[in-house]
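The values are calculated or read from the model by the stated rules, or taken from the named source; none is laboratory data. Please read these numbers as outputs of a predicted model, since none were measured by experiment. Counting neighbours? That spans all protein chains shown, and the Cβs are built from the backbone with ideal geometry, glycine included.
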Amino acid sequence: MKKGIHPENYRLVIFRDMSNEHMFLSRSTAKSSETMKWEDGNEYPVIKIEVSNTSHPFYTGKNVMLDTAGRIDKFNKRYAKKK
């Protein structure tokens, strides 16, 4: 690996899957203004994610429709044929 190109300010962050409320603690450099108490009693920044390994169809084996914020409608409107 090249030296000096990787960030050095990694910190513990809670990642929260918004589709099923699953949370896990990991290291990240992502910024967040929200914080939450973790199981160990400490408070950590929270990063909200839409899909994680507990909600992705590849890992769950279930085909679940995830339409967050009307993504399908936005796609259809953007690429609809003009009349």
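Could you list all residues from region 35-49 that are loosely packed, with under 13 Cβ neighbours inside 10 Å and either assigned to a loop (DSSP other than H, G, I, E, B) or at pLDDT below 75 (or both)? If the condition is that a residue be loosely packed, with under 13 Cβ neighbours inside 10 Å and either assigned to a loop (DSSP other than H, G, I, E, B) or at pLDDT below 75 (or both), then GLU39, ASP40, GLY41, ASN42 are the ones that fit.
Being in a loop (DSSP other than H, G, I, E, B), modelled with pLDDT of 90 or more, of a type in the set (Ser, Thr, Tyr) and surrounded by 13 or more Cβ atoms within 10 Å (Cβ to Cβ) is a description that applies to SER32. Each residue in region 10-24 was checked for being free of Cβ contacts under 8 Å to residues at least 24 places away in the same chain, farther than 25 Å from GLY70 by Cβ and either in contact with a Ser or Thr (Cβ under 8 Å, 6 or more places away or on another chain) or surrounded by fewer than 14 Cβ atoms within 10 Å (Cβ to Cβ) (or both), and 1 pass.
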